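The values are calculated or read from the model by the stated rules, or taken from the named source; none is laboratory data. Predicted model only: the values in this text are computed from it and were never measured. Note that we place each Cβ from the backbone using ideal geometry, even for glycine, and neighbour counts take in every protein chain shown. For the accessible areas, the whole protein counts, side chains as well, though only heavy atoms, and no ligand, DNA or RNA atoms are used. Shrake-Rupley method; radii C 1.70, N 1.55, O 1.52, S 1.80 Å.
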Amino acid sequence: MTSAETAAPHADTPPPHVTLLYGAGGPPAARYVEEILTHAGVFYETRQSGDSDYGLLPVVVVCGGTLGTAWREAVARHVSSGGILLCVGATGGLDSVLGVADVEACSPGWIEVGAGSHPAAAHASAPLHVFGGITVAAGRADELATIHGRAAVTWRRHGDGHAMLIGPDIGSAVAHIQQADTVVGDGEPAPDGTAPLDDGILKAEDGLVLDWARDRQTVHAPRGLFPGAWGGGAAPPHAAGPPDEPHAFPIFREPVADALRELVLRALLSLASAASVPLTMLWYWPRGLPAVGHISHDSDGNDPGLATQLHQVCIDARVRTTWCMLYPGGYPASLYRQVRDDGSEVALHYDALEGTGVRAWGRANFATQARWLRDMTGDDAIISNKNHYTRWEGRLELFDWCVGEGIRVDQSKGPSKTGTIGFPFGSCHLWKPLDTEADAPRFIDAYCLPLMTQDLVITAPAAFAQVLTDAARERHGVAHFLYHPAHIAKEGVAESFHDLVSYGRECGMEWWTSAELAAWEDARRTVHVVDGRLISSVAVADATVLRLLPDGAEASGAATVVDRYGFRFEETVGPLTSA
Ligand SMILES: [Zn+2]
């Protein structure tokens with residue numbers, strides 16, 4: 001498999017194409033690379049440094065830690081005979097293969113990509129925030145990006161193969177940005193007054209690890225009817241001035257963790273392209289969709305009249321949505337039935353804001369409120385939850401509570417302030433949490449579905465519909481908006497809802513419920529490779545399979561050719577079954 005007897009030795013190799021190899025002694029969160037590859041639909045085999053089977057697939061990814069002598073020799077032979085190596089977060093002891101020297105620990109900072117950048121980093125419109133790993137002296141390798149004035153990303157042609165290093169620990173950075181710090185008190189407010197996190201309410205943003213100055217971008221948009229105040233508080237500084245003139249809004253416009261994920265994917269694709277490996281991936285969405293939209297509703301106030309009004313708006317817009325219900329409810333049973341009959345979803349809106357009795361933070365209260373919703377609606381399955389006011393405590397415990405109640409998706413991680421709109425946790429993708437505080441790293445079997453903004457017109461300018469949809473579509477994730485029934489009767493809100501839904505459709509996106517997102521992601525994660533063929537454990541309709549067209553490769557003519565991550569792929573859409 002690793003011989004270089006022809007000019008394109010890997011051209012006909014079937015998937016899987018990637019061996020993921022863990023060194024010894026790496027940081028536990030470096031393992032998040034596994035989740036990055038899994039979610040991106042890359043098929044791989046995993047090896048530990050203690051394994052004695054040294055067989056390697058064409059693309060080897062070494063992830064954190066150090067390899068033993070036998071493994072280092074096996075990987076060096078692999079590269080010199082035409083194979084591919086990507087090291088992430090550490091050299092694994094392969095410094096000479098990578099052509100780098102003077103390895104140093106990397107302190108938190110930002111990866112800087114130069115002008116005319118390499119395809120691996122061409123998507124990075126701003127420096128990328130990372131929190132550890134290594135930097136090197138590029139030595140015999142080409143330097144593709146820097147951090148702290150030293151080489152952060154390098155590339156080297158070695159023998160007949162190629163070797164690339166991403167020095168910063170991308171797995172740990174993605175996990176850290178998404179999962180954030182443990183919430184035990186209020187976070188530091190933004191210095192410009194746009195995000196007063198010091199509100200005495202423990203919420204997801206209190207764990208925020210991104211930087212107010214360097215990880216936000218200023219978006220200029222007309223304020224419109226947006227009143228400029230959040231929850232009746234003082235008007236933030238950007239709210240002054242005429243509503244129809246552009247105002248400056250500093251927001252987390254770029255999903256930083258997703259850009260870091262893409263750095264790994266683009267590095268793999270660059271290497272595969274150079275070595276003529278037809279890397280095969282299962283695209284995020286069916287039918288070749290570029291991204292998907294999602295609208296949720298939180299029933300704060302539980303006013304049946306306003307719910308009926310919003311329900312009609314949803315019907316008029318022909319969109320299925322997710323209704324998160326706040327204890328103790330108040331809608332007639334017929335409304336829940338109608339919502340379900342429309343193909344929409346009834347979900348939980350866990351209340352730990354009240355702070356007393358059953359409405360306080362705690363696993364037993366979460367279970368009680370979930371049981372209340374199941375009993376009230378007569379439905380045994382609740383698939384999704386969002387916490388009222390984005391309440392949060394601890395780090396990952398809520399995800400374990402979700403698993404305990406059969407809830408597949410939590411959508412609490414999002415903004416409660418104008419200045420945290422966008423991607424305060426760096427992602428627009430469904431992601432799985434990684435608990436690194438256990439004895440061994442442990443993935444939790446539930447998804448986080450990030451929220452981008454609360455109500456357009458009321459808590460964000462209507463123009464953010466396009467700004468945020470574009471940002472999520474650019475990273476091929478989920479554009480998640482929230483509309484409270486409590487605001488639907490206010491001037492401009494229903495109109496903004498219709499404009500948003502139309503804009504998503506114009507962008508080629510579909511609007512799905514949270515339950516549909518979970519079902520799709522669960523199904524696509526059952527897809528695996530048997531004898532070079534993609535097989536799923538459950539039926540997956542309209543799966544989109546991408547096959548890389550390496551440098552200079554011709555398309556077969558039968559398949560559609562699409563551009564993803566700056567590379568050309570043959571795209572095939574069709575069912576995958578276990579047959
Ligand atoms: Zn609420």
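Of the lysine pairs in the chain, how many meet both conditions: Cα atoms under 14 Å apart, and a spacing of 8 or more in sequence or different chains? Please list the in-between numbers first.
Details: LYS203/LYS386; LYS203/LYS413; LYS203/LYS417; LYS386/LYS413; LYS413/LYS432.
Step by step, the pairs that qualify in the chain add up to 5.
Which FRET efficiency value, to the nearest 0.05, is calculated for ALA381 and ASP316 with the Förster distance at 35 angstrom and r the Cβ-Cβ distance? Provide the component values of the computation, followed by the final result.
Numbers: r = 28 Å, r/R0 = 0.80.
Computed FRET efficiency for ALA381 and ASP316: 0.80.
So which GluC sites (Glu not before Pro) in the range 529-579 are both in a DSSP loop and have at most 11 other Cβ atoms within 10 Å of their Cβ? Walk me through the numbers on the way to the answer.
Working: sites: GLU554, GLU570, GLU571; in loops: GLU554.
Those satisfying the criteria are GLU554.
Run the 1.4 Å probe and let me know the accessible area of THR13, rounded to the nearest 10 Å².
20 Å²
Among DSSP beta bridges lying fully in the range 181-325, give the percent that are antiparallel, nearest 5.
Numbers: 6 of 9 bridges.
Taking every DSSP beta bridge within the range 181-325, about 65 percent pair in antiparallel fashion.
Under a Cβ-only charge scheme (Lys and Arg +1, Asp and Glu -1), can you give me the dipole magnitude of the range 295-345 about the Cα centre, in debye to the nearest 20? Let's see the in-between values first.
Numbers: 4 positive and 7 negative charges, 34 e Å.
Here the range 295-345 has a charge dipole of around 160 debye.
If I model a spin label as a point 7 Å beyond the Cα along the Cα-Cβ vector, how far apart are those points for GLN217 and GLU245 in nm?
2.5 nm
Counting only heavy atoms of protein chains, what accessible area per residue, in Å², does the chain have with a probe of 1.4 Å?
Values: 20270 Å² over 579 residues.
For the chain, the solvent-accessible area averages 35 Å² per residue.
Per the Kirkwood formula on distinct C-alpha pairs, the Rh of the range 2-138 is how many angstrom?
Every distinct Cα pair counted, the radius reaches 16.2 Å.
If one computes P(r) from the Cα atoms of the chain, what percent of pairs lie at distances over 36 Å? Intermediate results must be reported in sequence, preceding the final value.
On the way: 58904 of 167331 pairs.
Roughly 35 percent, rounded to a whole number.
Can you tell me how the range 111-153 classifies by the Cα gyration tensor, rounded, prolate or oblate, using a/c under 1.5 as the rounded cut? It would help to have the intermediate numbers written out before the result.
Numbers: a/c = 2.15, a/b = 1.15, b/c = 1.87.
It is oblate, given that a/c is not under 1.5 and a/b is not larger than b/c.
To the nearest 10 degrees, how steep is helix 170-179 against the longest Cα principal axis of the chain, on a 0 to 90 scale?
Approximately 10 degrees, to the nearest 10.
Please list GLU73, GLU510 in order of solvent-accessible area, largest first, computed with a 1.4 Å probe with all protein chains present.
Details: GLU73 100, GLU510 55 Å².
Sorted descending by solvent-accessible area, the residues read GLU73, GLU510.
Students sometimes get this wrong: rank ASP186, ASP12, ASP551 by accessible area, probe 1.4 Å, all chains present, largest first.
On the way: ASP186 65, ASP12 140, ASP551 115 Å².
The ordering from most to least exposed comes out as ASP12, ASP551, ASP186.
Counting only helical runs of four or more DSSP H residues, what would the 222 nm mean residue ellipticity of the chain come to if each run contributes -39,500 (n - 2.57) and the total is spread over all its residues?
Working: 12 runs with 136 residues, N = 579.
The per-residue figure over the chain is -7000 deg cm²/dmol.
Report, to the nearest 10°, how far helix 304-317 tilts away from the longest principal axis of the Cα atoms in the chain, using its own Cα long axis and a range of 0 to 90°.
50 degrees
What is the distance in Å between the Cα centroid of the range 35-85 and that of the range 502-574?
After rounding, the separation between the Cα centres reads 25 Å.
With the dipole of the range 25-132 worked out from charges on the C-beta (+1 for Lys and Arg, -1 for Asp and Glu) around the Cα centre, which of ALA101, SER52, ILE84 lies farthest toward the positive end?
Farthest towards the positive pole: ILE84.
Output the 0 to 90 degree angle, nearest 10, between the alpha-carbon long axis of helix 514-524 and the longest principal axis computed from the alpha carbons of the chain.
20 degrees
Taking the Cβ of LEU534 as the centre, find all other residues whose Cβ is under 12 Å away and add up their charges (Lys, Arg: +1; Asp, Glu: -1). Before the final figure, lay out each step's value.
Details: positive: ARG524, ARG533, ARG547; negative: ASP531.
Overall, the nearby charge balance is +2.
Among the trypsin sites (Lys or Arg not before Pro) in the range 176-232, which ones are in a DSSP loop with at most 15 other Cβ atoms within 10 Å of the Cβ? Mind listing them?
On the way: sites: LYS203, ARG214, ARG216, ARG223; in loops: ARG214, ARG216, ARG223.
Taking the range 176-232 and a limit of 15 other Cβ atoms within 10 Å, the loop trypsin sites (Lys or Arg not before Pro) found are ARG214.
Work out the charge dipole of the chain with +1 on the Cβ of Lys and Arg and -1 on the Cβ of Asp and Glu about the Cα centre, then indicate which of HIS388, HIS39, ALA190 is farthest towards its positive end.
Sorting the options by dipole projection puts first HIS39.
Taking the Cβ of ALA152 as the center, what net charge do the other residues with Cβ under 10 Å away carry, scoring Lys and Arg +1 and Asp and Glu -1?
On the way: positive: ARG150; negative: GLU112, GLU143.
Net charge around ALA152: -1.
With point charges of +1 on the Cβ of Lys and Arg and -1 on the Cβ of Asp and Glu, referenced to the Cα centre of the range 529-576, which listed residue (VAL529, ALA553, PHE567) lies farthest in the positive direction of the dipole?
Positive-most Cα among the choices belongs to VAL529.
Antiparallel DSSP bridges in the range 293-522: what percent, to the nearest 5?
On the way: 3 of 25 bridges.
Of the beta bridges lying entirely in the range 293-522, close to 10 percent run antiparallel.
Residues with beta-carbon under 13 Å from that of GLN369, excluding GLN369: net charge, scoring Lys, Arg +1 and Asp, Glu -1? Working shown, then result.
Numbers: positive: ARG359, ARG363, ARG371, ARG374, LYS386, ARG391; negative: ASP351, GLU354, ASP375, GLU405.
Once all neighbours under 13 Å are counted, the net charge is +2.
If you roll a 1.4 Å probe over the chain with all protein chains in place, what percent of the accessible area is carbon or sulfur? Don't skip to the answer; put the middle values down first.
Values: 10070 of 20270 Å².
Carbon and sulfur together cover 50 percent of it.
Using all Cα-Cα distances in the range 293-522, what percent lands in each 10 angstrom bin from 0 up to the longest?
8, 35, 39, 16, 2, 0
Once you place label points 7 Å from the Cα toward the Cβ at VAL184 and ASP531, how far apart are they in nm?
Placing both labels 7 Å beyond Cα along the Cβ direction yields 5.6 nm.
State to the nearest 20 debye the size of the charge dipole of the chain about its Cα centre, where the only charges are +1 on K and R beta carbons and -1 on D and E beta carbons.
Values: 42 positive and 70 negative charges, 117 e Å.
Result for the chain is approximately 560 debye, rounded to the nearest 20.
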